[in-house]
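Visitor: Dumping the structure here so I can ask a few things about it.
The values are calculated or read from the model by the stated rules, or taken from the named source; none is laboratory data. All figures in this text were calculated on a predicted structure; none of them were measured in a lab. Here Cβ is always computed from backbone atoms with ideal geometry, including for glycine, and neighbour counts include all displayed protein chains. Just the protein is used for accessible areas: all its heavy atoms, side chains included, with ligands, DNA and RNA removed. Shrake-Rupley method; radii C 1.70, N 1.55, O 1.52, S 1.80 Å.
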Amino acid sequence: MSPSIGLPPPTPETCLVTSRVSRFKGGTLIDDDVRDLETHAIRVRDPDGYRPCRCPRCGHGVLHVHCYPERHPRGELGLPAVVRIVQYVCAAAECGATWRILPRFLARHLWRAWKTVERVVMPAGMPRSAAAPPIPPRTEQRWRTRFAASARMLVVLLAASGGVALEALASSVSLDASRAELTAAHAEVARVAPSARLATLAELVHRLERGLRLM
Ligand SMILES: [Zn+2]
(Lines give C-alpha, C1' and ligand atoms only; values in the text may rest on other atoms or scores of the structure.)
Protein backbone atom coordinates (compact mmCIF):
# COMPACT_ATOMS: atom_id res chain seq x y z
CA MET A 1 0.00 0.00 0.00
CA SER A 2 1.28 3.45 -0.84
CA PRO A 3 2.47 5.40 2.22
CA SER A 4 0.82 8.52 0.78
CA ILE A 5 -2.64 7.02 0.81
CA GLY A 6 -5.17 9.34 2.44
CA LEU A 7 -2.98 12.40 1.94
CA PRO A 8 -3.69 15.04 -0.71
CA PRO A 9 -1.32 14.97 -3.70
CA PRO A 10 1.78 17.17 -3.46
CA THR A 11 1.81 20.76 -4.69
CA PRO A 12 2.90 21.06 -8.33
CA GLU A 13 6.05 22.88 -9.40
CA THR A 14 5.59 26.63 -9.88
CA CYS A 15 6.19 26.40 -13.64
CA LEU A 16 3.00 24.36 -14.02
CA VAL A 17 0.72 26.86 -12.32
CA THR A 18 2.03 30.22 -13.51
CA SER A 19 -0.33 32.13 -15.78
CA ARG A 20 1.29 34.02 -18.64
CA VAL A 21 -1.77 36.01 -19.66
CA SER A 22 -0.82 39.36 -18.17
CA ARG A 23 2.92 39.12 -17.66
CA PHE A 24 3.93 38.68 -21.26
CA LYS A 25 3.33 40.54 -24.47
CA GLY A 26 2.30 37.68 -26.73
CA GLY A 27 3.13 34.05 -26.17
CA THR A 28 2.17 30.60 -27.36
CA LEU A 29 -1.15 29.52 -28.81
CA ILE A 30 -1.97 25.85 -29.35
CA ASP A 31 -3.91 24.77 -32.43
CA ASP A 32 -6.24 21.99 -31.35
CA ASP A 33 -6.97 21.02 -34.95
CA VAL A 34 -3.41 20.07 -35.83
CA ARG A 35 -2.80 16.56 -34.58
CA ASP A 36 -0.18 15.09 -36.91
CA LEU A 37 3.02 16.11 -38.64
CA GLU A 38 1.57 16.03 -42.17
CA THR A 39 -1.16 18.54 -41.32
CA HIS A 40 1.37 20.68 -39.47
CA ALA A 41 3.77 20.71 -42.45
CA ILE A 42 0.99 21.89 -44.78
CA ARG A 43 -0.05 24.64 -42.38
CA VAL A 44 3.52 25.89 -41.90
CA ARG A 45 4.15 26.10 -45.65
CA ASP A 46 1.14 28.38 -46.10
CA PRO A 47 1.58 31.85 -44.51
CA ASP A 48 -2.15 31.80 -43.75
CA GLY A 49 -1.98 28.24 -42.42
CA TYR A 50 -1.79 29.12 -38.74
CA ARG A 51 -2.57 32.84 -38.92
CA PRO A 52 -4.83 33.90 -36.02
CA CYS A 53 -7.83 35.90 -37.23
CA ARG A 54 -7.13 38.52 -34.58
CA CYS A 55 -4.47 39.37 -32.04
CA PRO A 56 -5.43 37.83 -28.68
CA ARG A 57 -3.86 40.81 -26.91
CA CYS A 58 -5.37 43.83 -28.67
CA GLY A 59 -7.92 42.37 -31.07
CA HIS A 60 -6.26 43.81 -34.17
CA GLY A 61 -7.18 41.86 -37.29
CA VAL A 62 -3.84 41.85 -39.12
CA LEU A 63 -0.91 39.64 -38.15
CA HIS A 64 2.19 39.01 -40.25
CA VAL A 65 4.51 36.02 -40.33
CA HIS A 66 7.43 37.05 -38.10
CA CYS A 67 9.73 34.03 -38.11
CA TYR A 68 9.92 30.25 -37.96
CA PRO A 69 11.25 29.09 -34.58
CA GLU A 70 12.44 25.50 -34.31
CA ARG A 71 11.29 22.81 -31.93
CA HIS A 72 13.37 19.69 -31.32
CA PRO A 73 11.08 16.89 -30.16
CA ARG A 74 13.19 14.02 -28.86
CA GLY A 75 12.49 10.36 -28.81
CA GLU A 76 9.41 9.94 -30.98
CA LEU A 77 9.65 7.75 -34.04
CA GLY A 78 8.09 9.44 -37.03
CA LEU A 79 8.98 12.96 -35.90
CA PRO A 80 12.04 14.64 -37.42
CA ALA A 81 14.77 16.11 -35.21
CA VAL A 82 13.65 19.61 -36.13
CA VAL A 83 10.04 20.77 -36.44
CA ARG A 84 9.55 24.35 -37.59
CA ILE A 85 6.65 26.30 -36.16
CA VAL A 86 5.33 29.74 -37.14
CA GLN A 87 5.48 32.95 -35.17
CA TYR A 88 3.24 35.86 -36.11
CA VAL A 89 3.50 39.49 -35.09
CA CYS A 90 0.55 41.81 -34.55
CA ALA A 91 0.60 44.63 -37.12
CA ALA A 92 -0.83 47.23 -34.73
CA ALA A 93 2.02 49.67 -34.02
CA GLU A 94 1.03 50.15 -30.39
CA CYS A 95 0.87 46.39 -29.78
CA GLY A 96 3.45 44.34 -31.68
CA ALA A 97 2.72 41.20 -29.70
CA THR A 98 4.22 38.02 -31.12
CA TRP A 99 2.42 34.68 -31.13
CA ARG A 100 4.00 31.27 -31.67
CA ILE A 101 1.55 28.60 -32.77
CA LEU A 102 2.14 25.05 -31.58
CA PRO A 103 0.41 22.03 -33.10
CA ARG A 104 -1.50 20.08 -30.47
CA PHE A 105 0.77 17.05 -30.66
CA LEU A 106 3.85 18.89 -29.35
CA ALA A 107 4.15 19.39 -25.60
CA ARG A 108 5.02 22.93 -24.53
CA HIS A 109 8.39 23.07 -22.74
CA LEU A 110 8.93 19.31 -22.57
CA TRP A 111 10.97 18.81 -25.77
CA ARG A 112 8.68 15.93 -26.60
CA ALA A 113 5.58 14.91 -28.41
CA TRP A 114 2.68 14.37 -26.00
CA LYS A 115 2.47 10.77 -27.17
CA THR A 116 5.96 10.12 -25.83
CA VAL A 117 5.03 11.47 -22.40
CA GLU A 118 1.70 9.64 -22.33
CA ARG A 119 3.43 6.32 -23.05
CA VAL A 120 5.39 6.81 -19.80
CA VAL A 121 2.82 8.23 -17.39
CA MET A 122 -0.39 6.64 -18.73
CA PRO A 123 0.64 3.45 -20.52
CA ALA A 124 -2.76 1.73 -20.26
CA GLY A 125 -4.34 1.54 -23.70
CA MET A 126 -1.37 3.09 -25.48
CA PRO A 127 -0.26 1.41 -28.69
CA ARG A 128 2.94 -0.51 -28.11
CA SER A 129 6.01 1.00 -29.61
CA ALA A 130 8.83 -1.45 -29.03
CA ALA A 131 11.12 0.61 -31.25
CA ALA A 132 10.56 3.89 -29.40
CA PRO A 133 13.87 5.29 -28.17
CA PRO A 134 14.35 4.97 -24.39
CA ILE A 135 13.64 7.93 -22.12
CA PRO A 136 16.27 8.77 -19.46
CA PRO A 137 15.10 7.49 -16.05
CA ARG A 138 15.39 10.95 -14.48
CA THR A 139 13.11 12.41 -17.16
CA GLU A 140 10.57 9.66 -16.59
CA GLN A 141 10.71 10.31 -12.85
CA ARG A 142 10.14 14.04 -13.34
CA TRP A 143 7.10 13.39 -15.50
CA ARG A 144 5.67 10.92 -12.97
CA THR A 145 6.16 13.41 -10.14
CA ARG A 146 4.36 16.12 -12.07
CA PHE A 147 1.51 13.81 -13.03
CA ALA A 148 1.06 12.81 -9.39
CA ALA A 149 0.92 16.43 -8.22
CA SER A 150 -2.25 18.23 -7.22
CA ALA A 151 -4.65 19.29 -9.97
CA ARG A 152 -6.49 21.68 -7.66
CA MET A 153 -5.84 24.81 -9.73
CA LEU A 154 -6.89 23.03 -12.92
CA VAL A 155 -10.09 21.70 -11.33
CA VAL A 156 -10.97 25.24 -10.19
CA LEU A 157 -10.20 26.57 -13.68
CA LEU A 158 -12.49 23.98 -15.32
CA ALA A 159 -15.24 24.63 -12.80
CA ALA A 160 -15.13 28.36 -13.58
CA SER A 161 -14.91 27.93 -17.35
CA GLY A 162 -18.59 28.51 -18.02
CA GLY A 163 -18.88 25.29 -20.02
CA VAL A 164 -21.54 22.92 -18.69
CA ALA A 165 -19.56 19.80 -19.59
CA LEU A 166 -16.40 21.14 -17.97
CA GLU A 167 -18.23 22.19 -14.82
CA ALA A 168 -19.68 18.67 -14.64
CA LEU A 169 -16.21 17.21 -15.08
CA ALA A 170 -14.81 19.45 -12.35
CA SER A 171 -17.56 18.43 -9.94
CA SER A 172 -16.94 14.75 -10.70
CA VAL A 173 -13.38 14.87 -9.36
CA SER A 174 -12.25 15.96 -5.93
CA LEU A 175 -10.37 19.19 -5.30
CA ASP A 176 -7.61 16.91 -4.06
CA ALA A 177 -7.42 15.00 -7.33
CA SER A 178 -4.00 14.49 -8.86
CA ARG A 179 -3.27 15.49 -12.44
CA ALA A 180 -3.34 11.80 -13.33
CA GLU A 181 -6.85 11.43 -11.89
CA LEU A 182 -8.09 14.56 -13.64
CA THR A 183 -6.65 13.40 -16.98
CA ALA A 184 -8.32 10.01 -16.63
CA ALA A 185 -11.67 11.60 -15.70
CA HIS A 186 -11.47 14.07 -18.59
CA ALA A 187 -10.60 11.31 -21.07
CA GLU A 188 -13.63 9.33 -19.95
CA VAL A 189 -16.10 12.23 -20.00
CA ALA A 190 -14.81 13.70 -23.28
CA ARG A 191 -14.21 10.24 -24.80
CA VAL A 192 -10.63 10.95 -25.65
CA ALA A 193 -8.70 8.01 -27.10
CA PRO A 194 -5.33 6.87 -25.77
CA SER A 195 -2.47 8.80 -27.44
CA ALA A 196 -4.51 12.02 -27.21
CA ARG A 197 -5.39 12.14 -23.49
CA LEU A 198 -2.55 14.42 -22.37
CA ALA A 199 -2.54 16.57 -25.51
CA THR A 200 -6.28 17.23 -25.34
CA LEU A 201 -6.39 18.26 -21.70
CA ALA A 202 -3.15 20.27 -21.95
CA GLU A 203 -4.58 22.24 -24.88
CA LEU A 204 -7.83 22.87 -23.02
CA VAL A 205 -6.03 24.11 -19.91
CA HIS A 206 -3.75 26.39 -21.93
CA ARG A 207 -6.76 27.76 -23.85
CA LEU A 208 -8.63 28.56 -20.63
CA GLU A 209 -5.63 30.19 -18.96
CA ARG A 210 -2.57 30.70 -21.12
CA GLY A 211 0.56 29.41 -19.44
CA LEU A 212 -1.02 26.88 -17.09
CA ARG A 213 0.44 23.46 -17.73
CA LEU A 214 -0.81 19.94 -17.24
CA MET A 215 2.77 18.66 -17.13
ZN1 LIG B 1 -2.03 43.13 -31.01
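Visitor: Taking N as the number of residues in segment 156-215, what value does Rg over Cα atoms divided by 2.2 N^0.38 Å take?
Guide: The reported ratio for this selection is 1.01.
Visitor: For segment 145-195 and segment 71-106, what is the separation of their Cα centres, given in Å?
Guide: Rounded to whole Å, the Cα centres lie 27 Å apart.
Visitor: If you don't mind, another one. May I ask for log10 I(q)/I(0) of the chain at q = 0.09, 0.15 Å⁻¹, from a Debye sum over the Cα atoms as equal point scatterers with solvent left out?
Guide: Debye intensities relative to I(0), on a log10 scale: -0.38, -1.04.
Visitor: Using a basic spin-label model with each label point 7 Å from the Cα along Cα→Cβ, how many nm lie between Cys58 and Leu208?
Guide: Between Cys58 and Leu208, the simple spin-label model gives 3.1 nm.
Visitor: Obtain the nm distance between the two label points defined at Arg45 and Arg138 by a simple spin-label model: each point lies 7 Å from its Cα along the Cα-to-C-beta direction.
Guide: Going by the 7 Å Cα→Cβ label model, 4.1 nm.
Visitor: Rounded if a/c is under 1.5, else prolate if a/b is larger than b/c, else oblate: which is segment 94-185, with a ≥ b ≥ c the root eigenvalues of its Cα gyration tensor?
Guide: Verdict is oblate for segment 94-185.
Visitor: Hey, another quick one. Rounded to the nearest 20 debye, what is the charge dipole size of the chain about its Cα centre when +1 sits on each Lys and Arg Cβ and -1 on each Asp and Glu Cβ?
Guide: Dipole magnitude for the chain comes out near 500 debye.
Visitor: What does DSSP give for the chain in terms of the percent of beta bridges that are antiparallel, rounded to the nearest 5?
Guide: 65
Visitor: Remind me, what semi-axes does segment 9-78 give for its equivalent ellipsoid, largest first in whole Å, using sqrt of 5 times each Cα gyration tensor eigenvalue?
Guide: 25, 22, 11
Visitor: What does the extension gain come out to for Leu175 and Asp36, with contour length at 0.36 nm per residue minus their alpha carbon separation?
Guide: This chain segment gains 46.7 nm when fully extended.
Visitor: Search the structure for amide H atoms under 5 Å from the amide H of Ile30, placed 1.01 Å from N in the peptide plane, and list their residues when 5 or more places away or on another chain.
Guide: Those qualifying (amide H under 5 Å, at least 5 residues apart or on another chain) are Leu102.
Visitor: Something else about it: Expressed in nm to one decimal, what extension gain is obtained for the pair Glu167 and Ala193 from 0.36 nm per residue of sequence separation less their Cα-Cα distance?
Guide: Net length gain for the segment: 7.3 nm.
Visitor: What distance in nm separates the two pseudo spin-label positions at Ala160 and Trp111, each 7 Å out from Cα along the beta-carbon direction?
Guide: Between Ala160 and Trp111, the simple spin-label model gives 3.4 nm.
Visitor: Roughly how many percent of the accessible protein surface of the chain is carbon and sulfur, given a 1.4 Å probe and a whole-percent answer?
Guide: 56
Visitor: So with the 1.4 Å probe, I'd like the accessible area per residue for segment 80-123, rounded to whole Å².
Guide: 34
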